[in-house]
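Since the structure comes first, as structure tokens, the remarks are kept for the end.
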Amino acid sequence: MNKEVRVRFAPSPTGALHIGGVRTALYNYLYARKTGGKFLLRIEDTDQNRFVPGAEEYIKGALDWLGISPDESPWNPGNSSPYRQSERKPMYMQYALDLIEKGHAYYAFDTSEELDAMRERLTAARVVSPQYNSITRTQMKNSLTLPEDEVKARLASGEAYVIRIKIPRKEEVRLHDLIRGWVMVHSSTLDDKVLMKSDGMPTYHLANIVDDHLMKITHVIRGEEWLPSAPLHVLLYKYFGWEDTMPEFAHLPLLLKPDGNGKLSKRDADKHGFPVFPMDWKDPNSGETAMGFREGGYLPEAMLNFLAFLGWNPGDHKEIFSLEELVEAFSIERIGKSGTKFDINKAKWFNEQYLRAKSDEELAAYLIADIEKEGLSIDKEKAAKIAHVMKERATFPADLWKEGKFMLIAPSKFDDEIAGKRWNAEVVTVLATYIEKLAAHTGEFTPEIAKAVLEESAEANGIKLGKVMQAVRLAVTGVGAGPDLMAVFSIIGKEELSKRIKFALDTLQVL
Ligand code: GLU
């Protein structure tokens, strides 16, 4: 029997969750759903200095918004409680001590001055990246170099210490990644990372491995930036004797700047005016608010679809996938190795597709809310009609009102350029006739009727309607372009239409 798949998203609450983190969460979610497994959320808050209030709630809020909430988390715990590393603090020391016992870790008493001095010495000796490692540790103050009695005395006196992993001098560390295949690293390139800090907190590396083991994680799906740490993690599994249950690794490709040069950053996003956070984030330290996709008008289902395609593809041309369809189609094998450009236009495209797929009634709700914010009112039926006409031209729900305002509010001025080019005696004649014919018309005012009556008005004067059409639009909407004009006329209604035309005839001059 295959064991149950358990995957985890393990963010550190150090600020707003970056969109790359959201993609990691999504891939974990998809994999869990696909395999009938469990998706866990673990808060990695061992670095107390970097803890930012509100960051945890933000992570929860973002996943809830997207509909990819975890099966187990601090808010809905399963059998692996607690789900916050700070609450698991008492568990870690025994594991570090176990490694010391087995000869794979050691106490280090070096002060920060001594560490600095070591780095300076190495830099002076032209060592490119000075490290506490299998060579330098022989000259430092640790339980490998100090006599046993002295180590005991130092520990007994309460002197500050850290516990470091003892990386072997010459060993090939091999690790298998589901996306990259075999990765080989020589241990001489690794340093003796701190596992337990002097404040009694584990570092990320120790806590992460211990927790993945205790929480029975079967697959570690995370960003590529963690690939360099993976050899250390593999060594830890080996030293703990947990090789048999070591999870499989899948390191996701980086998200790149829109031009493909380097990693996507908040700075690029600010420069190009697009969000990199799922929701608005008010930084509690700076007080600054960073823009979120949610508040920017991105729909959660569009976001999911967009994020899924940032590094994964289904292998055919289909692009629109509901969450259920993503679950169905998803596989780790189809995740690419190379970085993916973050193309905000693609995100907008997805948003447009999902917006258009919504019913007029659903879209009307957005429109009504925006209209009411301005102290105006509209009935549902009319709002649905406006939404229907506007949705082909909208990227975000807010565009429906922004671009469709003119249907409720008559223009008070007209586009000068269009007026200069198009307003002439012919359009004046056609519109004057149109008003008369509108007044005589009874019954429902459909787009077809609006058009038929306008055509009659042109024909009656021997004028080709096509020639004056843009000026007709100008008279009614104030501008030279927009959605289907006859649909607009029908929505505006006969009386309002005539009023607007009269105003245009009174205001615009034929040059
Ligand atoms: N706490 C790490 C982070 O913030 C987790 C990395 C991992 O998934 O192992 O991304």
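Quick notes on this structure:
- Meets criteria (within 30 Å of ASN345 (Cβ to Cβ) and either over 25 Å from the mean Cα position of the chain (by Cα) or within 12 Å of the ligand (Cβ to nearest atom) (or both)) for ARG169: no
- Looking across segment 239-260 at every residue that is without any contact (Cβ under 8 Å) to a residue 24 or more places away in the chain and in a helix (DSSP H, G or I), the one that is surrounded by the most Cβ atoms within 10 Å (Cβ to Cβ) is identified as GLU243.
- Some residue of segment 17-36 being among the β-branched types (Val, Ile, Thr), open to solvent by less than 40 Å² (accessible area, probe 1.4 Å), over 16 Å from the mean Cα position of the chain (by Cα) and within 15 Å of the ligand (Cβ to nearest atom): no
- Residue within segment 286-307 that is within 16 Å of the ligand (Cβ to nearest atom), part of a loop (DSSP other than H, G, I, E, B) and closer than 30 Å to ARG6 by Cα present: no
- Of the listed requirements (1) part of a loop (DSSP other than H, G, I, E, B); (2) within 28 Å of ARG222 (Cα to Cα); (3) modelled with pLDDT of 95 or more, ASP199 misses just one: (3).
- Residue within segment 208-219 that is touching a strand residue (DSSP E or B) at 6+ places or on another chain (Cβ under 8 Å) and open to solvent by 30 Å² or more (accessible area, probe 1.4 Å) present: yes
- Among the candidates THR395, THR433, residue that is open to solvent by 20 Å² or more (accessible area, probe 1.4 Å) and part of a loop (DSSP other than H, G, I, E, B): THR395
- Residue match in segment 52-75 (condition: part of a strand (DSSP E or B) and either modelled with pLDDT under 95 or open to solvent by 30 Å² or more (accessible area, probe 1.4 Å) (or both)): no
- For segment 1-16, the candidate set comprises residues that are surrounded by fewer than 22 Cβ atoms within 10 Å (Cβ to Cβ) and more than 28 Å from LYS282 (Cβ to Cβ); within that set, the residue that is farthest from the ligand (Cβ to nearest atom) is MET1.
- Counted residues, segment 314-339 - those being touching a strand residue (DSSP E or B) at 6+ places or on another chain (Cβ under 6 Å) and either open to solvent by 30 Å² or more (accessible area, probe 1.4 Å) or charged (D, E, K, R) (or both): 2
- Any chance MET201 is at negative phi, in contact with a strand residue (DSSP E or B) (Cβ under 8 Å, 6 or more places away or on another chain) and among the hydrophobic types (A, V, I, L, M, F, W, C): no
- ASP192 being more than 12 Å from the ligand (Cβ to nearest atom), part of a loop (DSSP other than H, G, I, E, B) and open to solvent by less than 40 Å² (accessible area, probe 1.4 Å): yes
- Consider segment 214-238 and keep the residues that are within 10 Å of the ligand (Cβ to nearest atom) and in a helix (DSSP H, G or I). The one that is farthest from the chain's Cα centre (by Cα) is HIS233.
- Check on PRO82, within 16 Å of the ligand (Cβ to nearest atom) and without any contact (Cβ under 8 Å) to a residue 12 or more places away in the chain: yes
- Residues of segment 127-179 classified as of a type in the set (Lys, Arg) and surrounded by fewer than 16 Cβ atoms within 10 Å (Cβ to Cβ), total: 4
- Residue pairs meeting the criteria (Cβ under 7 Å; at least 6 apart or on separate chains; first farther than 20 Å from PRO300 by Cβ, in segment 46-64; second acidic (Asp, Glu) and part of a loop (DSSP other than H, G, I, E, B)): PHE51/ASP45
- Single residue of segment 261-285 satisfying the filter (outside any helix (DSSP H, G or I) and acidic (Asp, Glu)) that is nearest to ASN345 (Cα to Cα): ASP280
- Breaking point among (1) closer than 14 Å to TYR106 by Cα; (2) open to solvent by 10 Å² or more (accessible area, probe 1.4 Å), for TYR204: (1)
- Residue list for segment 147-166, restricted to those being within 37 Å of the chain's Cα centre (by Cα) and either of a type in the set (D, E, K, R) or part of a helix (DSSP H, G or I) (or both): ARG164
- Near pairs, Cβ below 7 angstrom, 6+ apart or cross-chain, from segment 218-238 (within 21 Å of VAL5 (Cα to Cα) and in contact (Cβ under 8 Å) with a residue 40 or more places away in the chain) to any residue that is within 8 Å of the ligand (Cβ to nearest atom) and among the hydroxyl-bearing types (Ser, Thr, Tyr): ILE221/THR24; ARG222/THR24; GLY223/THR24
- Scan of segment 168-182 for residues that are part of a strand (DSSP E or B) and in contact with a helix residue (DSSP H, G or I) (Cβ under 7 Å, 6 or more places away or on another chain), ordered by number: VAL173, LEU175
- ALA105, sole failed condition from (1) out of contact with any Leu (no Cβ under 7 Å at 6 or more places or on another chain); (2) closer than 30 Å to LYS216 by Cα; (3) crowded, with 19+ Cβ neighbours inside 10 Å: (1)
- Subset tally (residues that are open to solvent by 10 Å² or more (accessible area, probe 1.4 Å) and touching an Asp or Glu at 6+ places or on another chain (Cβ under 9 Å)) for segment 297-309: 2
- Flag for ARG422 being in contact (Cβ under 8 Å) with a residue 24 or more places away in the chain and under 27 Å from the mean Cα position of the chain (by Cα): no
The values are calculated or read from the model by the stated rules, or taken from the named source; none is laboratory data. Computed from a predicted structure; not experimentally measured. Don't worry about glycine lacking a Cβ; one is built from the backbone with ideal geometry, like all the others, and counts go over all protein chains shown. Surface accessibility is based on the protein's heavy atoms, side chains included, excluding ligands, DNA and RNA. Shrake-Rupley method; radii C 1.70, N 1.55, O 1.52, S 1.80 Å.
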